[in-house]
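One structure below.
The values are calculated or read from the model by the stated rules, or taken from the named source; none is laboratory data. Values in this document were obtained by computation on a predicted structure and should not be read as measured data. Ideal geometry is used to build each Cβ from the backbone, glycine not excepted, and the neighbour counts take in all protein chains shown. Side chains included, ligands, DNA and RNA excluded: accessible areas come from the protein's heavy atoms. Shrake-Rupley method; radii C 1.70, N 1.55, O 1.52, S 1.80 Å.
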Amino acid sequence: MCGIVGVTGTPDAAEVLLEGLKRLEYRGYDSAGIALIRGDGQLVVKEKGKIKSLEGALVGEDLTGTTGIAHTRWATHGAPNRINAHPHRSGNVALVHNGIIENYAALKVQLGKKGHIFESDTDTEVLAHLVDDFYDGDLTLAVQRALGVVEGAFGIAVTHVAEPDLVVGARKGSPLVVGVGNGVNYLASDVAAIMGHTRQVIYLDDGEMVTLRPEGIQTMNINNEAVTKEIQEITWDLGQIQKGGYEHFMLKEIFEQPQTIRDSFRGRILPDQGDVKLGGIQLTDWELRNVRRIIILACGTSWHAGLVGEYLFEEYAHIPVEVEYASEFRYRNPIIEPGTLCLTISQSGETIDTLEAMREAKRKGAKVIGITNVVGSTIARETECGVYIHAGPEIGVASTKAFTSQVTILAMLTILLGRRGHLNADRGTQMLRELERIPDLVQKVLDQSEAIREIAKVYADHSNCLYLGRGVNFPIALEGALKLKEISYIHAEGYPAAEMKHGPIALIDPQMPVVVIATKDGSYDKIVGNVQEVRARDGKIISIVTEGDTEIAALSDHVITIPDTMNFWMPLLSVVPLQLLAYHIAVIRGEDVDQPRNLAKAVTVE
């Protein structure tokens with residue numbers, strides 16, 4: 001979501017801050033700003049729109065200064081404009097904030113009675129005024145006192161003119177990472193912002209603070225008690241967050257999937273034994289055999305991956321599964337029985353709804369496994385065991401490679417649990433040998449990108465689209481529809497194919513294209529009937545079929561073929577043409593594929 005960058009100890013502070021903001025652009029934002037402490041005070045400049053607008057506003061300004069903070073904002077309280085952009089200032093305090101202050105209205109009234117005057121519509125400005133109100137020569141203490149009276153979620157960075165070499169950071173519910181340098185130290189909401197300067201980082205946990213000065217850092221909790229933190233090493237490089245010759249990050253990430261799927265299972269499968277070894281699963285065989293129920297908690301694309309997992313766990317491990325929207329799970333009273341295993345899925349590991357749902361499940365006694373992409377993320381740190389998906393940095397807001405890596409991990413978990421129950425070794429070996437082929441099969445789908453672009457040209461100006469699938473391909477229909485909505489702004493819905501006649505069939509006409517995932521499986525004959533129903537109403541049919549198919553292909557206006565594989569692994573293939581179709585339609589329509597409007601990469605507010 002919003003991005004934070006802070007630095008102290010370099011004469012190039014302004015350059016470092018702007019570079020960091022650019023590396024956070026993928027998160028989604030609508031305004032940007034910078035606060036730089038100079039010899040004559042504090043320069044605060046902010047602008048609506050992209051970072052280039054901020055750079056334009058800085059032309060001619062004196063940017064000498066060694067300490068500063070910067071921010072990209074995704075609007076929550078108040079319209080996306082310059083006044084509501086961060087940093088917010090009160091007196092000599094400048095502050096940037098990710099999250100939401102829930103009691104800001106009451107605090108605003110109290111501060112107003114003391115003479116504080118507010119310019120913006122934001123909750124963040126209230127926090128800046130609160131720190132200023134508490135300030136008495138010690139910025140760290142003022143921040144601690146302010147955070148003691150606020151309610152809500154925050155990741156903040158704060159500076160004060162009277163302490164020109166100091167940046168104070170604190171977090172609760174919104175991530176912050178400290179970059180440890182040599183005479184220069186950094187603060188950010190994402191390691192991408194600072195990895196060009198240091199690979200040594202410290203991840204703050206909820207309720208923790210940090211003070212950064214050129215000579216060093218100190219970590220503590222909000223009650224001013226010292227906290228010892230471990231310095232970790234960033235293992236990926238800048239090349240992974242660059243486009244590498246592709247027009248968009250999203251296209252690069254779609255084409256990375258043969259490698260990212262391979263990376264997700266590399267060193268984790270034992271084909272000769274028909275088994276899987278996941279080092280992060282710190283559960284005994286006895287505990288795994290006694291899993292009686294699985295609850296999957298996730299949001300968005302990760303929720304769709306969870307739905308695929310539901311089909312796999314129930315069919316092949318014989319374990320009942322519930323897939324819950326994390327945002328709903330935490331606000332009811334879920335029943336957690338002995339033997340319940342909770343899987344929390346989040347690409348970023350910071351999705352606030354998933355994080356809070358996971359905490360609720362833990363409070364109620366569930367065993368919890370985190371499935372995430374980001375090393376050191378909050379979910380990774382707070383789960384007793386977990387699995388990294390190893391997809392590498394995903395910059396495009398619309399998730400692609402993380403989805404297929406999540407599905408791969410869920411499938412391997414299915415085999416792990418199944419082998420401790422009903423799944424025999426020979427069947428496990430067949431599954432894992434086929435998994436080794438999947439990256440090459442995905443590449444065969446990717447090789448059809450230009451043909452899919454020609455189909456996209458036909459439908460780029462349509463306003464609606466229906467996606468249909470059965471069985472394990474129903475979640476793929478949902479995911480395909482979501483991708484189209486996210487980046488092209490075309491209204492799209494995914495349905496189980498059999499449900500079409502229970503309402504959506506009323507929408508079918510020549511202007512309603514229907515994407516049908518119709519691979520060869522046990523429901524093939526049924527979906528042939530669904531395609532006939534669409535065709536009888538002059539609907540335009542784009543079918544995803546198995547190589548060699550003739551029946552559905554003959555009924556379709558456009559056909560995309562995918563290689564044959566076990567039904568267990570089919571979602572890893574059937575989703576790829578839907579990703580490409582959405583991508584090409586969005587590009588043809590001239591949309592900003594990597595940063596679709598109103599969306600954020602990591603949703604850290606409710």
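A few points about this structure:
- Going through (1) modelled with pLDDT under 95; (2) out of contact with any Leu (no Cβ under 9 Å at 6 or more places or on another chain) one by one, E61 falls short only on (2).
- Once the stretch 61-100 is narrowed to residues that are open to solvent by 10 Å² or more (accessible area, probe 1.4 Å) and hydrophobic (A, V, I, L, M, F, W, C), the residue that is nearest to the chain's Cα centre (by Cα) is W74.
- Within the set C385, C342, the sole residue that is surrounded by fewer than 19 Cβ atoms within 10 Å (Cβ to Cβ), touching a strand residue (DSSP E or B) at 6+ places or on another chain (Cβ under 8 Å) and not small (G, A, S) turns out to be C385.
- Scanning the stretch 497-518 for residues that are more than 14 Å from G539 (Cβ to Cβ) and open to solvent by 10 Å² or more (accessible area, probe 1.4 Å) yields A498, E499, H502, G503.
- One residue from L24, L36 being buried (at least 24 other Cβ atoms within 10 Å of the Cβ), closer than 28 Å to E350 by Cβ and free of Cβ contacts under 8 Å to residues at least 40 places away in the same chain: L36
- Only one of G529, G471, G494 that is touching a helix residue (DSSP H, G or I) at 6+ places or on another chain (Cβ under 8 Å), over 24 Å from A586 (Cβ atoms) and either surrounded by fewer than 24 Cβ atoms within 10 Å (Cβ to Cβ) or at pLDDT below 95 (or both): G471
- Any hit, the stretch 122-132, residues being open to solvent by 20 Å² or more (accessible area, probe 1.4 Å) and at pLDDT 95 or above: yes
- Candidate set: the stretch 300-335, residues that are in a loop (DSSP other than H, G, I, E, B) and open to solvent by less than 40 Å² (accessible area, probe 1.4 Å); chosen: the one farthest from M358 (Cα to Cα): I319
- Residue check, R589 closer than 11 Å to V516 by Cβ and charged (D, E, K, R): no
- Only one of the listed residues (A425, A451, A456) is over 30 Å from the mean Cα position of the chain (by Cα) and open to solvent by less than 70 Å² (accessible area, probe 1.4 Å). That residue is A425.
- Selection from the stretch 288-299 of residues that are touching a strand residue (DSSP E or B) at 6+ places or on another chain (Cβ under 6 Å) and either surrounded by 22 or more Cβ atoms within 10 Å (Cβ to Cβ) or aliphatic (A, V, I, L, M) (or both): V291, I294, I295, I296, L297, A298
- Subset of the stretch 336-373 (residues that are assigned to a loop (DSSP other than H, G, I, E, B) and over 27 Å from I234 (Cβ atoms)): I336, E337, P338, G339, K364, G365, A366
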